[in-house]
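This report refers to the structure that appears directly beneath it.
The values are calculated or read from the model by the stated rules, or taken from the named source; none is laboratory data. Computed from a prediction, not measured in an experiment: that's the story for all the values here. Neighbour counts run over all protein chains shown; Cβ positions are idealised from the backbone, glycine included.
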């Protein structure tokens with residue numbers, strides 16, 4: 001019995017070690033390895049990188065811990081099946097969309113589909129979004145002084161405190177009196193309006 | 001893996017470590033560290049949604065355990081699939097394994113006979 005327990009621990013640790021041994025390999029490299037030999041172990045390593053994020057996304061939509069855990073397992077199975085059928089280039093945005101779609105389908109089946117969640121969320125994964133995110137990261141807000149002035153007071157304040165003074169949501173909330181949700185919303189809307197202002201220049 | 005190497009690799013990868021995310025959720029990070037996490041959240045809708053969901057778990061200390069269980073189940077599922085594939089391979093070529101076993105038996109018999117012959121001589 002003790003031997004079996006030891007063997008299980010050794011196997012678990014070997015598996016974990018195997019996982020951490022591949023930390024230096026990017027998602028796309030792991031996918032390439034998988035497409036070369038169709039060995040599901042590569043998928044195992046890749047999917048485990050996103051377990052916590054998938055758990056969070058599932059919980060956000062399903063609002064139930066057990067259902068969220070169940071959803072993550074279903075997403076894993078779906079991902080393994082789909083990856084055998086076609087090639088995926090940007091795994092992170094793809095798995096995010098798989099998880100969201102799965103949760104929304106579950107909500108629709110249960111009749112809990114809120115009017116706030118519209119059909120656009122069920123869109124197929126946009127792989128170009130990840131490329132655009134990388135391009136956007138290169139633009140710094142320090143060159144946007146002119147565009148900043150066009151924002152409303154709340155958005156201007158939150159965006160300045162977050163991006164220029166590098167304050168956390170909690171600090172900004174404490175300083176401004178907004179709730180954390182309001183701070184997040186002002187930053188998100190401010191960023192979008194800045195982007196629009198920059199594009200129109 | 002040493003801590004220094006881990007830091008270099010995580011910076012190369014530019015993805016937040018799971019431990020940092022847990023620390024953020026448990027409010028263990030300093031304000032500048034929390035800001036870094038939030039900056040990534042603002043630029044990454046996947047991460048933003050995930051954090052919003054994870055914040056709704058009653059006991060955040062259980063999150064690592066849940067992740068471990070899910071990863072463990074995934075591993076078991078993949079191992080099962082692998083064994084099924086190997087069993088199928090065995091069923092498809094039984095004659096190959098039969099021939100190998102037969103050859104091994106012949107080698108053992110020959111060895112025994114030769115040994116007997118030599119000891120008799």
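Note on segment A:1-73: enclosed helices (runs of 4 or more DSSP H) holding 1 or more residues that are modelled with pLDDT of 90 or more are A:27-37, A:40-48, A:51-62. Scanning segment A:164-185 for residues that are within 11 Å of chain B (Cβ to nearest Cβ) and crowded, with 18+ Cβ neighbours inside 10 Å turns up A:167, A:168, A:169, A:171, A:172, A:183, A:184.
Hey, among A:157, A:161, which residue is part of a helix (DSSP H, G or I), at pLDDT 90 or above, crowded, with 17+ Cβ neighbours inside 10 Å and away from every other protein chain (no Cβ under 14 Å)?
On the way: A:161 fails: away from every other protein chain (no Cβ under 14 Å).
Sole residue among the options that is part of a helix (DSSP H, G or I), at pLDDT 90 or above, crowded, with 17+ Cβ neighbours inside 10 Å and away from every other protein chain (no Cβ under 14 Å): A:157.
Here residue A:109 meets the list (1) out of contact with any helix residue (DSSP H, G or I) (no Cβ under 9 Å at 6 or more places or on another chain); (2) under 22 Å from residue A:24 (Cα atoms) almost entirely, failing just condition (2).
Selection of segment A:35-60 for residues being surrounded by fewer than 23 Cβ atoms within 10 Å (Cβ to Cβ) and more than 16 Å from residue A:92 (Cα to Cα) yields A:35, A:36, A:37, A:38, A:39, A:40, A:41, A:60.
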